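Encoded as structure tokens, the structure appears first; notes follow it.
The values are calculated or read from the model by the stated rules, or taken from the named source; none is laboratory data. Computed from a predicted model, the values in this text were never measured in an experiment. Every residue, glycine as well, gets a Cβ built from its backbone with ideal geometry; the counts of neighbours run over all protein chains shown.
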Amino acid sequence: MTHLSPGDTAPVFELSDQAGNTVKLTDFRGKKVLLYFYPKADTPGCTKQSCSVRDAKSDFSSLGVAVVGISPDKPDSQKRFDEKFQLGFPLLSDTEHQVCNAYGVWDTKSMFANTFMGIVRSSFLIDEQGKILEAWYKVSPRDTVSNARKALEK
């Protein structure tokens, strides 16, 4: 699987969010974007990750950074997840894994001696022109926000 690196152009996307709206990366031109990928809505690690992003959202907003989450969940699952935890930012549905593949986060995983395809929890900081500032693959749920904060302090 190809990984993105700082300086690479962020792959463009156009996906439905939890409200059924179409969201494109180009919608965020002129702003930085913290884009994070999570395996499944309303699971312990994904909830921890998403709630930490929610809790830091106002800090990111004050720095001109939009936040967006992507998983293979359908929009209705994303909506329930958003409502349950009052996340308040776009949760995009990539059921066909096209965006996940483009970002290099759809890969073989293993659990209890079983292998399967799934999202490798990852996050990306994208600049105002759509270039990757930082890319973090195999990130811990608790590190998404701290990694982004450190990168923004540079």
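At a glance:
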quantity: Selection within the range 82-98 - closer than 16 Å to Asn21 by Cβ and either among the aromatic types (Phe, Trp, Tyr) or not in a loop (DSSP other than H, G, I, E, B) (or both); calculated: Asp82, Glu83, Phe89, Leu91, Leu92, Ser93
quantity: Residues satisfying the stated conditions in the range 110-138, i.e. over 15 Å from Ile70 (Cβ atoms), in contact (Cβ under 8 Å) with a residue 24 or more places away in the chain and of a type in the set (Lys, Arg); calculated: Lys131
quantity: Residue that is farthest from Ser93 (Cα to Cα) [pool: residues in the range 1-46 that are more than 13 Å from the chain's Cα centre (by Cα) and of a type in the set (Ser, Thr, Tyr)]; calculated: Ser5
quantity: Extreme residue, nearest to Tyr38 (Cα to Cα), among residues of the range 101-111 that are of a type outside the set (Ser, Thr, Tyr) and in a strand (DSSP E or B); calculated: Trp106
quantity: Verdict on Gly130 being closer than 19 Å to Leu15 by Cβ, among the small types (Gly, Ala, Ser), modelled with pLDDT of 95 or more and over 11 Å from the mean Cα position of the chain (by Cα); calculated: yes
quantity: Qualifying residue in the range 39-47 (condition: surrounded by 20 or more Cβ atoms within 10 Å (Cβ to Cβ), touching a residue at least 40 places away in the same chain (Cβ under 8 Å) and part of a strand (DSSP E or B)); calculated: no
quantity: Unique residue being more than 25 Å from Asp27 (Cα to Cα) and either among the basic types (Lys, Arg) or surrounded by 16 or more Cβ atoms within 10 Å (Cβ to Cβ) (or both) when the list is Val99, Val139, Val105; calculated: Val139
quantity: Selection within the range 112-131 - buried (at least 18 other Cβ atoms within 10 Å of the Cβ), among the hydrophobic types (A, V, I, L, M, F, W, C) and assigned to a strand (DSSP E or B); calculated: Ile119, Phe124, Leu125, Ile126
quantity: Every residue from the range 4-26 that is of a type in the set (D, E, K, R), over 13 Å from Ala102 (Cα atoms) and outside any loop (DSSP other than H, G, I, E, B); calculated: Lys24
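For (1) of a type outside the set (Ser, Thr, Tyr); (2) modelled with pLDDT of 95 or more; (3) more than 18 Å from Phe13 (Cα to Cα), each residue gets a yes or a no:
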{"position": "Asp82", "(1), (2), (3)": "yes, yes, yes"}
{"position": "Phe89", "(1), (2), (3)": "yes, yes, no"}
{"position": "Thr108", "(1), (2), (3)": "no, no, yes"}
{"position": "Phe112", "(1), (2), (3)": "yes, no, yes"}
{"position": "Leu125", "(1), (2), (3)": "yes, yes, no"}
{"position": "Ala148", "(1), (2), (3)": "yes, yes, yes"}
